[in-house]
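A quick write-up on the structure given underneath.
The values are calculated or read from the model by the stated rules, or taken from the named source; none is laboratory data. Please read these numbers as outputs of a predicted model, since none were measured by experiment. So basically every Cβ, Gly included, is an ideal-geometry build from the backbone, and we count neighbours across all protein chains shown. Just so you know, the surface numbers come from the protein's heavy atoms only, side chains and all, with ligands and any DNA or RNA stripped out. Shrake-Rupley method; radii C 1.70, N 1.55, O 1.52, S 1.80 Å.
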Amino acid sequence: MKWKIVDNNTLIIEGNFFALSSGVLGGWKRVEFLFNHTITTYIEDPIEYIESLAKKFNMKNYFGLLTAVPMDKLAVVRVEDVTTFVTAGVGNPNEKIGTINIIIVVDGDMSDGAMVNSIITATEAKSVALLKSGLKFTGTSTDAIIVAKTGKGRYYEYAGYASELGKKIWMAVKKAVIESLSKWNNESV
């Protein structure tokens, strides 16, 4: 897995992944690219926009997410064979305004059930991170997640919090959400 930020507004993660995405054009598939792109204006057609980004950066097999959070707020946390990329920003702390995008890459293999369960574990960790950050909500209306596995290395049957993989996902997501929110809050104060 290789990753970089392009044009100051697009995180691109390159590798050979089998992934699950809740984002636009999401679902299950084999992909070579995962990306998270910062938008600065309203997008009329998110599908067309994501497809145009993929074409611009020469990505054929991909999952992409859109965010209003600048990439300088990106937090990258690695816990052993789990790497988490998070952009988190919220508006008025009394409202569920903002977006939190989470990309989890497991440098290993996982059962389909573990991939699905990792979304639950990541969402619970995100919720705890928001509450620990002093917010009174557990997510926003535009949160999205991608879970990807390389298929190499260790095999994981489970990803619930009590499992070994689940604990790594929990730690990485929680830390990354808190870190990204901290970057967001330091700028917006």
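Points worth noting:
- Among the protein heavy atoms of region 1-95, carbon and sulfur supply 49% of the accessible surface, probe 1.4 Å, non-protein parts ignored.
- Rounded to the nearest 20 debye, dipole of the chain from Cβ charges on Lys, Arg, Asp, Glu: 360 debye
- DSSP bridge orientation in the chain - percent antiparallel, rounded to nearest 5: 70 percent
- Heavy-atom accessible area per residue - the chain, 1.4 Å, Å²: 48 Å²
- Ranking 184, 53, 172 by Cα position along the charge dipole of the chain, where only Lys, Arg, Asp and Glu carry charges on their C-beta atoms, puts 172 farthest toward the positive end.
- Every Cα-Cα pair in region 3-90 was counted, and those over 15 Å apart are 59% of them.
- Ordering of 100-113, 26-39, 45-58 by burial proxy (mean other Cβ atoms within 10 Å per residue, highest first): 100-113, 26-39, 45-58
- Gained length - residue 161 relative to residue 47, 0.36 nm times residue gap less alpha-carbon distance: 37.7 nm
- Here the chain is described by how far its Cα atoms reach on the three principal axes: 43, 39, 23 Å, from widest to narrowest.
- Coil-residue GluC sites (Glu not before Pro) of region 118-189, DSSP, other Cβ within 10 Å capped at 15: 157
- Relative contact order of the chain, defined on C-alpha pairs under 8 angstrom at six or more residues apart (%): 23 percent
- Along region 164-179 the Karplus relation, 6.51 cos²θ - 1.76 cosθ + 1.60 evaluated at θ = phi - 60°, assigns HN-Hα couplings of 4, 5, x, 4, 5, 4, 4, 4, 5, 5, 4, 5, 5, 5, 4, 5 Hz to successive residues, with x for each Gly and Pro.
- Taking a straight line from the alpha carbon of residue 29, these lysines sit under 17 Å away, with near neighbours fewer than eight places off in the same chain left out: 60, 149, 152.
- Reachable aspartates and glutamates from residue 126, criterion Cα separation under 14 angstrom, eight or more residues apart if same chain: 143, 179
- For the pair residue 154 and residue 109, label points projected 7 Å from Cα toward Cβ lie 1.5 nm apart.
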